Amino acid sequence: MSQEKPRILVLIGGISKDSINKKLFGFFRDEAKDAFEFDEFDIKSLPFFSQDIEADPPAVAADFKERVKACRGVLLITPEYNRSFPGVLKNALDWGSRPYGQNLWSGKRAGIIGTSPGAIGTFGAQNQMRQIMNFLNLQTMNQPEFYFKFPSELENGKLPGSANDFLKSYIAKFKEWMDKA
Ligand SMILES: Cc1cc2nc3c(=O)[nH]c(=O)nc-3n(C[C@H](O)[C@H](O)[C@H](O)COP(=O)(O)O)c2cc1C
C-alpha cells in the first residue's frame with residue numbers, strides 16, 4: 001500500500017461565491033489536510049457535455065479527464081436542488097464517463113457529502129446521485145452517510161463542536177476507505 005497521501009479529486013456542486021457546500025469543504029480540508037492531497041476542480045469551467053465534442057474535447061475538459069485519471073479517489077460535495085443534485089455536477093460526471101467504453105470513473109473509490117439549510121440535509125440529492133455513481137461503477141463508501149443541515153450561525157467562523165465531531169468521524173472512515181484503494 002502506498003505511503004503517499006491519496007490524491008482526492010474534489011467536485012463541489014455549489015458554485016455561488018457564498019456556497020455553503022464550498023464552506024463545508026473548507027472545514028473538511030482543514031480537518032483532513034494531513035491525510036489527503038486534495039485536487040479541487042472548478043466544475044463550472046466545464047462546457048456543457050455534447051457528443052459533438054467528446055472525441056476532441058476542449059482543453060478544460062481534457063484537463064479534467066487527466067485529473068480524473070490521476071486521482072486515487074473522488075469526493076463529491078453536493079447541494080440539494082429540488083430534491084436532486086445540481087446539473088453542473090451531473091455535467092462533470094458525464095464528461096468523465098465518455099466516450100462510450102472509456103468511463104474514467106470505473107473502479108475509483110468515492111465519498112459523497114453535502115449540506116443544505118433544510119432538515120434533510122441533502123438526503124434527496126445524495127440518494128439520486130448514488131444511483132448514477134453505481135451505474136458509473138464508482139466504489140462509493142456506503143457508511144457513514146453525511147447529511148448535514150448547515151448551522152444558521154458559525155462559532156467564530158467554525159462549525160459548532162458536535163457538528164465538527166461528526167465531520168471528523170466521517171473523515172476518519174473516509175480515510176480508512178481510501179487507504180484500501
Ligand atoms: C434551484 C434550487 C433548488 C433548491 N432545492 C432545495 C431542496 O430541494 N432542498 C433543500 O434542502 N434546499 C434546496 N434549495 C436551497 C439550497 O439548499 C441552498 O440554496 C443552498 O445554499 C445551496 O447550496 P450552496 O450554497 O452550496 O450552493 C434549493 C436552492 C435552489 C437555488
Original post:
Taking amide H positions as placed 1.01 Å from N in the peptide plane, with prolines and chain starts having none, which residues 5 or more places from residue 115, or on another chain, fall under 5 Å of its amide H?
Top reply: 78
**OP:** Stick to the Cα atoms of the range 103-168, pair each with every other, and give me the Kirkwood hydrodynamic radius in Å at one decimal.
**Re:** 13.2
**OP:** State, in angstrom, two size descriptors of the range 1-66 derived from its alpha carbons: Rg to one decimal place and Dmax to the nearest whole number.
**Re:** 14.7, 42
Original post:
For the peptides 24-37, 43-56, what is the packing order when you average, over each peptide's residues, the other Cβ atoms within 10 Å and list the highest mean first?
Top reply: 24-37, 43-56
Original post:
What span do the alpha-carbon atoms of the range 45-126 cover on each of the three principal axes, reported in whole Å from largest to smallest?
Top reply: 43, 26, 21
Subject >> Too-long pairs where the Cα-Cα distance tops 29 Å, listed order kept, from 69/173; 69/180; 65/158 >> reply: 65/158
Original post:
Percent relative contact order of the chain, based on C-alpha pairs within less than 8 angstrom and at least six residues apart?
Top reply: 24
**OP:** Note down, for the chain, the three equivalent ellipsoid semi-axes (square root of 5 times each alpha carbon gyration tensor eigenvalue), biggest first, whole angstrom.
**Re:** 26, 19, 15
Original post:
Which FRET efficiency value, to the nearest 0.05, do you get for residue 17 and residue 100 by plugging their Cβ-Cβ distance into 1/(1 + (r/R0)^6) with R0 = 25 Å?
Top reply: 0.10
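FYI, it's all coordinate maths here, none of it is from the lab. Here the structure is a predicted model, which means the values were calculated and not measured. Neighbour counts are summed over all protein chains in view; Cβ atoms, including those assigned to glycine, are modelled from backbone coordinates with ideal geometry.
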